[in-house]
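The block underneath contains the structure these notes are about, expressed in structure tokens.
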Amino acid sequence: MPKPAAGVSIGERIAIARKVAGLNQHALAQRARYSVSMVRAVEQGREPASPGLVAAVARALGVETQELYGQPFRELLIEDGGIAGVAELQALFAEGPHVDPVEPPPWNELKADLASIQQDRRNDYARRAVARIPVLLRQLHGAVEAARTDEERERAYRMLARTYGNTAQLTYRFGWFSLASSGLDRMEHAAAHSGEPLLTAHAIQQRALVLLSHAAYDTAQRLVQRSLDMITVDPRDENSVALSGAAHLRGAVLAARDRNKTRADEHIQEAARFGEMIGHESTAYDTNLGPGNVAIHRVAVALETGDPGQAARLGSQIRIPSDVKATRIGHHWQDVARAWTLSGDHAAALKALNRARHVAPQQTRYHPHVHETIHAIAAAQRRKSDTLAHFSAWLGISSPISGRSGAHQPTHRR
């Protein structure tokens with residue numbers, strides 16, 4: 001697919017890809033299983049493209065999803081100083097099973113480094129986390145080779161699996177989907193040698209999430225069920241409860257994207273049951289499972305199953321507990337903004353986007369659906385507001401109305 005100019009909307013990219021494939025809007029709609037009116041509205045910028053539509057269109061056209069998203073946002077990343085660890089990660093993955101290890105530091109330092117990377121990922125310092133991962137991965141491969149007992153080797157594999165899992169989540173966030181898939185391959189391999197079956201269940205759940213971007217809903221739902229079958233729930237064991245609840249949240253989003261509201265609601269109800277067992281936002285296996293995260297997912301399900309009005313109202317009214325992580329809250333307000341845009345309340349949408357920017361500026365700046373929402377608001381507004389102009393400039397988008405670039409606001413360098 002030819003690369004269109006930077007700053008264009010997802011809808012414009014879909015139109016370009018469709019024309020390259022030699023299809024009209026009716027043919028694309030049939031292949032993607034969406035209405036012609038929806039495809040037309042998205043291409044014309046009158047409605048923001050949903051994640052489900054983008055995945056379905058990418059599959060129908062035989063293009064990579066990140067091409068339609070315009071990810072990764074290389075110009076923005078360069079402007080913000082780049083991500084030093086990406087090139088090293090690509091080299092490490094290219095080494096395949098022959099990763100060049102380095103001598104590991106003491107075990108407590110390895111453990112502290114991983115905990116710090118996880119904290120950075122949750123608190124919206126993803127660029128810094130990615131830059132630190134390659135060294136830790138090579139050290140952990142060194143720890144596997146240096147292990148003198150089976151117990152030491154399994155311990156090294158457990159940490160290696162968790163580090164590759166964080167690698168997958170971080171690279172997926174920036175739009176390096178192939179790196180994320182490679183990270184999950186290695187996570188599953190390390191988990192299989194870790195002596196900890198729940199790690200494998202965790203890895204399978206993460207792969208189900210990545211499959212969302214490929215509209216591979218049936219396969220992903222099978223993986224969710226497979227992970228559930230691997231978990232023996234003990235109400236006294238937060239790990240098993242959190243992983244089970246997280247699997248149902250994954251299943252809810254998958255069913256919603258597949259427009260199966262009944263199944264999505266069933267998953268949400270099960271997730272709520274597990275969330276109440278814990279009573280707080282759990283960090284077990286990076287799940288963030290708890291009442292707050294379940295409430296956020298209810299909003300996402302309403303949005304993805306075609307009720308943006310309910311999603312906007314519910315999402316704006318819920319009280320998010322203080323222990324919910326910054327990136328989870330930021331994503332929630334991004335969803336609320338898209339819901340208000342679809343409902344025609346652009347002032348409320350911009351307010352929600354600014355809340356997302358406040359709590360998770362880095363995630364918001366690089367999220368493709370934030371860019372798409374801004375394009376849709378601009379297309380609908382007859383007169384450009386200062387709020388829209390400032391937010392567009394902060395995203396690095398040339399004014400969708402005037403065609404002139406706005407002055408950049410100070411960038412959050414995280």
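The values are calculated or read from the model by the stated rules, or taken from the named source; none is laboratory data. None of these values were measured; they are calculated from a predicted model. Counting neighbours? That spans all protein chains shown, and the Cβs are built from the backbone with ideal geometry, glycine included. With ligands, DNA and RNA removed, areas are computed over all heavy atoms of the protein, side chains included. Shrake-Rupley method; radii C 1.70, N 1.55, O 1.52, S 1.80 Å.
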| field | Degrees between helix 368-380 axis and first principal axis of the chain (Cα, 0 to 90, nearest 10) | value | 10
| Ratio of Rg to Rh for the stretch 149-263, alpha carbon only, Kirkwood? | 0.99
| query | Dipole magnitude of the stretch 218-306 about its Cα centre, charges +1 at Lys/Arg Cβ and -1 at Asp/Glu Cβ only, in debye to the nearest 20? | reply | 320
| remark: Expressed per residue, the solvent accessible area of the stretch 91-195 in Å² (1.4 Å probe) is about 44
| GLU151/SER322 FRET efficiency (R0 51 Å; Cβ-Cβ; nearest 0.05) | 0.85
| message | Shape verdict for the stretch 222-343, please, from the Cα gyration tensor: rounded (a/c under 1.5), prolate (a/b greater than b/c) or oblate. | response | oblate
| query | From the square roots a ≥ b ≥ c of the eigenvalues of the alpha-carbon gyration tensor of the stretch 334-400, which class results: rounded (a/c under 1.5), prolate (a/b over b/c), or oblate? | reply | oblate
| field | Label assignment, semi-axes √(5λ) of the Cα gyration tensor in Å derived from the structure, set (1) 38, 27, 18; (2) 48, 27, 19; (3) 35, 24, 21 | value | (3)
| message | To the nearest 20 Debye, how big is the dipole of the chain about its Cα centre, given +1 on the beta carbon of each Lys and Arg and -1 on that of each Asp and Glu? | response | 1620
| said: Tell me the mean residue ellipticity at 222 nm calculated for the chain from its helices only (DSSP H runs of n ≥ 4, each -39500 (n - 2.57), averaged over every residue, nearest 500). | reply: -22000 deg cm²/dmol
| note | Computed about the Cα centre, the charge dipole of the stretch 144-189 from +1 Lys/Arg and -1 Asp/Glu charges at the Cβ has a magnitude in debye, to the nearest 20, of 220
| field | With all protein chains modelled, accessible area of THR262 [1.4 Å, Å²] | value | 90
| message | Could you tell me how far the Cα centroid of the stretch 182-241 sits from the Cα centroid of the stretch 89-124, in Å? | response | 21
| request: Summarise the accessible area of the chain (1.4 Å probe, protein heavy atoms) by the percent that is carbon and sulfur. | output: 47
| message | Helix 261-278 against the longest principal axis of the chain: what's the angle in degrees, Cα atoms only, rounded to the nearest 10? | response | 50
| note | The answer for the stretch 239-339, accessible area per residue at 1.4 Å probe in Å², is 35
| query | If you take the square roots of the eigenvalues of the alpha-carbon gyration tensor of the stretch 273-410 and sort them as a ≥ b ≥ c, do you get rounded (a/c under 1.5), prolate (a/b over b/c) or oblate? | reply | prolate
| said: Which of HIS202, HIS98, HIS193 ends up with the largest GNM mean-square fluctuation for the chain, with Cα atoms connected below 10 Å? | reply: HIS98
| request: Sum up the charges of everything whose Cβ sits under 14 Å from the Cβ of LYS325, counting Lys and Arg as +1 and Asp and Glu as -1, but leave LYS325 out. | output: -1
| request: Can you tell me the 0 to 90 degree angle between the C-alpha axis of helix 217-229 and the longest principal axis of the chain, rounded to 10? | output: 30
